[in-house]
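The values are calculated or read from the model by the stated rules, or taken from the named source; none is laboratory data. For clarity, every value in this text was computed on a predicted model and none was experimentally measured. All Cβ positions, glycine included, derive from the backbone under ideal geometry; neighbour counts span all protein chains shown. SASA here: full protein model, heavy atoms, side chains in, ligands and nucleic acids out. Shrake-Rupley method; radii C 1.70, N 1.55, O 1.52, S 1.80 Å.
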Amino acid sequence: MTDEEIFAAHEGGKLSVGVDRPLASKRDLSIAYTPGVAQVSRAIAADPALARTHTWASRLVAVVSDGTAVLGLGNIGPAASLPVMEGKSALFKTFGGLDSIPIVLNTTDVDEIIETLVRIAPSFGAVNLEDIAAPRCFELERRLIEALDMPVMHDDQHGTAVVALAALTNAAKVVGKELAGLRVVIAGAGAAGIAVAEILLTAGVTDIVLLDSKGALHAGRGDLTGMKAEFAARTNPRGVAGGTAEALAGADVFIGVSSSTVPEEHIAAMAEGAIVFALSNPDPEVAPDVARRHAAVVATGRSDFPNQINNVLAFPGIFRGALDAGARRITPAMKLAAARAIAELAEDKLSADYIVPSPLDPRVAPAVTAAVTAAVRPGE
């Protein structure tokens, strides 16, 4: 693809609003707008629950960003993030059948973002947080879940985590190891790294070492606060200190969700049958061809290598399933169900180069939707 092709495809934006009812006659106008629409408005005023069935709000996802952590570009601001949010909305429609609206906010203040979304909440049925930098993203998601009576998920955290768990479930089968017994090293203790650690703990993995730019998180480090301090207490049971050299020695799994570079000799020191997920884009932490010299299974976040760990496998079906079930929250059980559904779709052709289905596999979103819907419990 050329720059000319890319810019031409984005000119004028990638989205438009369609009309689902005919407007070809005076009668059509009278039904869709005045005077007929007043009947529906009166009914909703008397019974607000009717807004779920007689407006698009319950099927509409707000794709929200402040532009502080966009792709691998960093803090480029809300206007520059809008093409990415448009793309996310296009994925929601294409893979999940859900309408969505990109909302980019010219503020990085958590209180202001929450206030804005609470005020406009009657317009939509769910919130997909996107490209919001850590550590603010943790507080923002937690407080929005409390403030809004609807599904809220920061996809950079949980979409990545769900697909990583699905891929690791199948990679463990390929190398003949039990998921719960894996020694896992995660490079990157930001939004994605913390979420991957969380879902792996939930899935039963106990030996996890998280690394930030200063090395392994462990209880003896005095410079840790917030989520890093919490996860230093919940992970690293062997008290590993140091950097990737110390953490990867004898490790079964490396998961990279940072912009760091891992030397080949550190990968070479991993256990027999090693698994390497180098997920940074566009440049993985270790080149796939280098990783394959030492690892049995290699995955990246890129579409030009086997085993692409792509959020689009997860988020359309997760949101569709939550909305179909009328869920008020996206729970850990729903995320685990989504991961299982994704993993199961690859089991029939499982190999070192096929541990998750293609993002274009038409089975994925329906399977995830069904699994998430089934995982919703009354009152959630």
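Would you point out the residue of the range 347-371, among those that are farther than 18 Å from residue 169 by Cα and free of Cβ contacts under 8 Å to residues at least 60 places away in the same chain, that is least open to solvent (accessible area, probe 1.4 Å)?
Restricting to residues being farther than 18 Å from residue 169 by Cα and free of Cβ contacts under 8 Å to residues at least 60 places away in the same chain, the top hit is 361.
Out of all the residues in the range 128-142, is one or more exposed (fewer than 14 other Cβ atoms within 10 Å of the Cβ) and either among the small types (Gly, Ala, Ser) or touching a residue at least 24 places away in the same chain (Cβ under 8 Å) (or both)?
no
Quick check on the range 293-315: of everything there that is over 16 Å from residue 164 (Cα atoms) and either of a type in the set (S, T, N, Q) or modelled with pLDDT of 95 or more (or both), which residue is most open to solvent (accessible area, probe 1.4 Å)?
Across the range 293-315, the extreme among qualifying residues is 293.
Which one of 161, 192 is open to solvent by less than 30 Å² (accessible area, probe 1.4 Å), modelled with pLDDT under 95 and not acidic (Asp, Glu)?
Just a single option satisfies the conditions, and that option is 192.
Out of 256, 226, report the one residue that is on the phi > 0 side of the Ramachandran plot and either hydroxyl-bearing (Ser, Thr, Tyr) or under 26 Å from the mean Cα position of the chain (by Cα) (or both).
None of the other options fit; the residue is 226.
Would you kindly identify the helices (runs of 4 or more DSSP H) lying entirely within the range 1-93 that contain at least 3 residues that are farther than 30 Å from residue 304 by Cα?
Ranges flagged: 26-32, 36-46, 51-54.
Answer yes or no as to whether residue 76 is surrounded by 14 or more Cβ atoms within 10 Å (Cβ to Cβ), at pLDDT 95 or above and under 22 Å from the mean Cα position of the chain (by Cα).
In short, no.
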